[in-house]
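Read-outs: derived from the displayed coordinates by stated rules, not from any lab. In this text, all values refer to a predicted model and were calculated from it rather than measured experimentally. Glycine gets a Cβ as well: all are built from the backbone with ideal geometry, and neighbour counts include every protein chain shown.
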Amino acid sequence: MNAPSSRGVVWLGSPAFPDAAREALKDTRLRANLKRATSTIRDKRLAVASELDDWEALRDAAAAIKKCTARHLDHYLVELEASVTAAGGTVHWACDAAEANRIVTELVRATGESEVVKIKSMATQEIGLNEHLAEAGITAYETDLAELIVQLGDDRPSHILVPAIHRNRTEVRDLFAAEMGHWGQPAPEGLTDEPADLAEAARRHLREKFLTAKVAVSGANFAVADTGTVVVVESEGNGRMCLTLPDTLITVMGIEKVVPTWSDLEVFLQLLPRSSTGERMNPYTSTWTGTTEGDGPSAFHLVLLDNGRTDTLADTVGRQVLGCIRCSACLNVCPVFERTGGHAYGSVYPGPIGAVLTPQLIGVENAATLPFASTLCGACYDACPVKINIPEVLAHLRAEAVEAKNGHTAEALAMRAAGKVLDSPRLLAAAQKAASLGGRALARRGTIGRLPGPMHGWSDTRDTPAPPAESFRTWWRKNRENKEGEQS
Amino acid sequence: MRIALFITCFNDTMFPGTGRAVVSVLERLGHTVEFPQEQTCCGQMHFNTGYRPDAVPLVARFARTFAGYDAVVTPSASCAGMARENHPLLAADYGHAQLQQQVADVVPRVHEFTEFLTDVLGVTDVGASFPHRVSYHPTCHSLRGLRLGDRPLELLRAVKGIDLVDLPDADSCCGFGGTFAVKNADTSAAMLADKADGVLSTRAEVLCAADNSCLMHIGGGLSRRGSSVRAMHLAEILAATEGGTP
Amino acid sequence: MSSRDAVLGRIRTALADVPSGEAPEDVPVPRAYLRSHLEPGQDPVALFAERVADYRATVTRTDRARLAAAVAAALTRRGARRLALPAGFPSELLPSGSWEWHPEPLNVPALNALDGTVTLAAAGIAVTGTIVLDAGPGQGRRALSLVPDYHLCIVRAEQIAPDVPDALARLDPTRPLTFISGPSATSDIELDRVEGVHGPRTLDVIIVGPTRLEHP
């Protein structure tokens, strides 16, 4: 078992979710940015998903393919390794983040290069590859527009698909104007905050990097076991640049990204774009199988990353989370994410999927507040294209978080006491009487206002009605029991 | 048909009027309602907060108490959902074969109140009259848990004199989430603020839902803002007649 | 122990609940989804044209006889004069005129200096408005349709598959494939889609024959 610290995933020193959320909620600009962005994408997703009247059948198929893959993951990985190798690629296995970083660093060093261009990838984000490469004297240039915004701002990603969702166009403009010059081609004079102009600035800034890069690092959306084909789904063309122009391509993928067959992609290529960017198809999808003479990189390395995934696989309820295709639909529909943003989750995986993935990758005791960062409203489950029952896993991880604390908390004692009362109609009736008396004593004109102590969080923003003079069961006994007696 | 009312511990303690309303509607429709006194709680709070073993005796009590009834009717979508989805799971993980059997027997006969009216009794017009402007909030457990769909709205539309208005962003969560409202009070309050804004924009006199827990949260937020909008369980609207509320 | 053995060993331990006799094909995968979302009687070519245009690519329909003229019209409209010419591109499709044709091999700086590229395609997908290139004859290596800022793609009507499943079945996964749905775009700023980042910012698609011409 690896120590969680060797796994990355979370940002060290991040506060617990409720505290981080409290701070984030004070940022009214952030909330406005998030509300605008998530409501835009929600409508688009619903429109394109509803075009397909077999959407549910596609989800069922996707969930079953992912389930089958997980249950036979060893089989499919060995098959993938063989087919990638046969096609001219080299496969590496990494138990954890540290090992994956070491492998990639050595591969880059072997090329003699000190710069790499990168395609947005959650796996390399998870293992902290850029930071690790920097320590080794290698500069990694993020080429996805949102990742570029994050990198230029020395910021953290806050969304799986759109890491800079917390920034609005004006903030991006200011950042480009101030920072691009430090990294290469500066932003043009008089840059406006029109997204098209900002995209143009990014194009000019990165063009030279693409044309001269010798090494690229990518993630993978899918890897097909039977053919050895790797798939990257993108929009801007930065992915195509990285996958096509350099001599060496290093792809880091979580072991759960394997799918059994080429034809299985027919399911995922319909679900993923519609769920993530709300398009019928994303602008560019690249697939490659090993290396091709005269087209693209002459060296291809595939790094298969565990980093807590086998621990996740061992949990028969939590296992389903490995089906995630990183579309981020769950983030976009989540009412909690919409208010707090992604940084509050303290992990490269924010939102509902992050709340079930992060604790499993690094151990629930190391992310104990994340499973509670949800109202269990179920919007994420409805939106998930591979039908991950996120509320089910959240509730399951809550039980694990409680168990990890061994019952030695005030909450556990209170819950146990409540359990005793609730398992006895007599004790419940007594408690109701006490609550009625106590609550009515606290109440003014029938409502209870602000309270000190553990209930302040509730009572700071809500009045509570005073409990009634008589409970339902008391009313029933007085008004119905005798009637029933007469009838029988 | 032997109908048992599962009032839920929360309604029993805080909102007995909802229970009286359910009884009133069902009796008006010609049914006899029983209230098994041994009932307490479905165990939802323990389950959702991670205290599964503490919920197991409550699951056993529920199965025991409601064995033998043709229908167990509850005015709470979330408690109905808890029984339906999670009682079998808890029985399987922690219980013996006998408990699993008892749970399997009772669970299919558990009905949320509006679902019972429309699906089991086949009624949409319960003879109610409520001449007020009303908005309906579909709680998450009604909408995505039990998939009640338009059932509550069909019942409300049949109420005489009602002025039913759409709630903007109706399907977004109000931020209650049980212990979420305490553990993540700030986020809960932010969600509540948006929901309350939506309610106020409707100019409704009454906000109704199929769960008093969410209603206490939204109503509490409205009350703190000095609003006169009343939060009422849907059953209480269905119980109202031209003679007034029971 | 190698990391390979370690990871595979952990996987096998993690899957202790899976019966040892269970084979991958024993796990049922329901495939009740449709092979195609085309309505009965719907013309895949017309739908393809409509869906490509939805991405703000320009679509022209023509027939074999008028193809070279359609190419010339597109290039003139875009002001694209210096063009990459993929190996195997049929010379009879090249319009006569003052265009400079730069045949493969072309290195990256040379490509970067050109106005655009004209290619054939390997397949089209009607429902999603996608063209697929497989680096076959007339398409060139992947960089050709990437580095220059303008891409004119010629698709034959019979290459258009109704939907994603049929398209994948027609394609050869051992070849490097590029699925193109409209010009380069991004939604990274406020989740608002804008066209034109690193890939070609202008995409024109010409559909060749056989029926329903725009101006018959």
In degrees, nearest 10, the alpha-carbon axis of helix B:212-224 is tilted away from the dominant principal axis of the alpha carbons of chain B by 30
Rounded to the nearest 500, the 222 nm mean residue ellipticity computed for chain C from DSSP H runs (n ≥ 4, each -39500 (n - 2.57)) alone is -6000 deg cm²/dmol
For A:LYS257, counting only lysines whose alpha-carbon sits under 17 Å away and dropping same-chain residues fewer than eight positions off, the answer is A:LYS66, A:LYS67, A:LYS120, A:LYS387
For A:106-115, B:13-22, ranked highest to lowest by mean beta-carbon neighbours within 10 Å, the order is B:13-22, A:106-115
From DSSP H assignment alone, runs of 4+ in chain B each adding -39500 (n - 2.57), the sum over residues rounded to the nearest 500 puts [θ] at 222 nm at -12500 deg cm²/dmol
Of segment C:69-104, those with amide N under 17 Å from the point 7 Å along the Cα→Cβ vector of A:LEU211 are C:82-84
Taking a ≥ b ≥ c as the square roots of the eigenvalues of the Cα gyration tensor, with a/c under 1.5 meaning rounded and otherwise prolate when a/b exceeds b/c and oblate if not, segment A:410-487 is oblate
Restricting to Cα pairs under 8 Å and 6 or more apart, the percent relative contact order of chain C works out to 25
PRE zone check, label point 7 Å out along Cα-to-Cβ of B:MET1, amide N under 15 Å, scope segment B:75-91, hits B:75
DSSP beta bridges in the protein assembly as shown: the antiparallel percent, rounded to 5, is 30
Rg from C-alpha atoms of the protein assembly as shown, normalised by the globular rule of thumb 2.2 N^0.38 Å, equals 1.03
Across A:191-202, the residue-averaged tally of Cβ atoms belonging to other chains within 10 Å stands at 4
In terms of the alpha carbon gyration tensor, root eigenvalues a ≥ b ≥ c, rounded if a/c is under 1.5 and otherwise prolate when a/b exceeds b/c or oblate, segment A:149-254 is prolate
Rounded to 0.05, the calculated FRET efficiency for the beta carbons of A:ARG426 and B:ASP125 at R₀ = 51 Å is 0.80
FRET efficiency (A:GLU481, A:THR316; Cβ distance; R0 51 Å; to 0.05) is 0.60
To the nearest 0.05, the calculated FRET efficiency linking B:SER228 and A:ARG29 through their beta-carbon distance, R0 being 30 Å, is 0.35
For chain B, longest principal axis from Cα atoms; helix B:52-65 axis from its Cα atoms; angle between them, nearest 10 degrees, is 90
Relative contact order as a percentage, segment C:1-120, C-alpha pairs under 8 Å and 6+ apart, gives 19
Residues whose built amide H sits under 5 Å from the amide H of B:SER129, excluding neighbours closer than 5 in sequence, are B:LYS160, B:ALA240, B:THR241, B:GLU242
When B:GLU115, A:GLU236, A:GLU293 are arranged by how many other beta-carbons sit within 10 Å of their Cβ, fewest first, they go A:GLU293, B:GLU115, A:GLU236
Contact order relative to length for segment A:365-478, counting C-alpha pairs under 8 Å separated by 6 or more residues, stands in percent at 17
In degrees, nearest 10, the alpha-carbon axis of helix A:169-183 is tilted away from the dominant principal axis of the alpha carbons of chain A by 40
Here the gain from full extension of A:SER14 to A:ARG444, 0.36 nm per residue of separation minus their alpha-carbon distance, amounts to 150.7 nm
Here the whole-number average of other chain Cβ atoms within 10 Å per Cβ of A:299-307 is 1
Exposure proxy check on A:TRP288, A:TRP93: fewest-to-most Cβ neighbours within 10 Å is A:TRP93, A:TRP288
What helix-only [θ] at 222 nm does chain A give? Using -39500 (n - 2.57) per DSSP H run of at least 4, over all residues, to the nearest 500, the answer is -15000 deg cm²/dmol
Of all DSSP beta bridges with both partners in chain A, the antiparallel percent, nearest 5, is 35
Taking a straight Cα-to-Cα line shorter than 17 Å from A:LYS478, and setting aside same-chain lysines fewer than 8 residues away, one finds A:LYS433
C:GLU25 and C:ASN112 label points (each 7 Å along its Cα→Cβ direction) are spaced in nm at 5.1
Taking a straight Cα-to-Cα line shorter than 18 Å from A:LYS420, and setting aside same-chain aspartates and glutamates fewer than 8 residues away, one finds A:GLU411, B:ASP12, B:GLU38, B:ASP54
With DSSP loop assignment and no more than 15 other C-beta atoms within 10 Å, the GluC sites (Glu not before Pro) in segment C:1-103 are C:GLU22
By Cβ neighbour count within 10 Å, fewest first, A:LYS26, A:LYS257, B:LYS183 rank A:LYS26, B:LYS183, A:LYS257
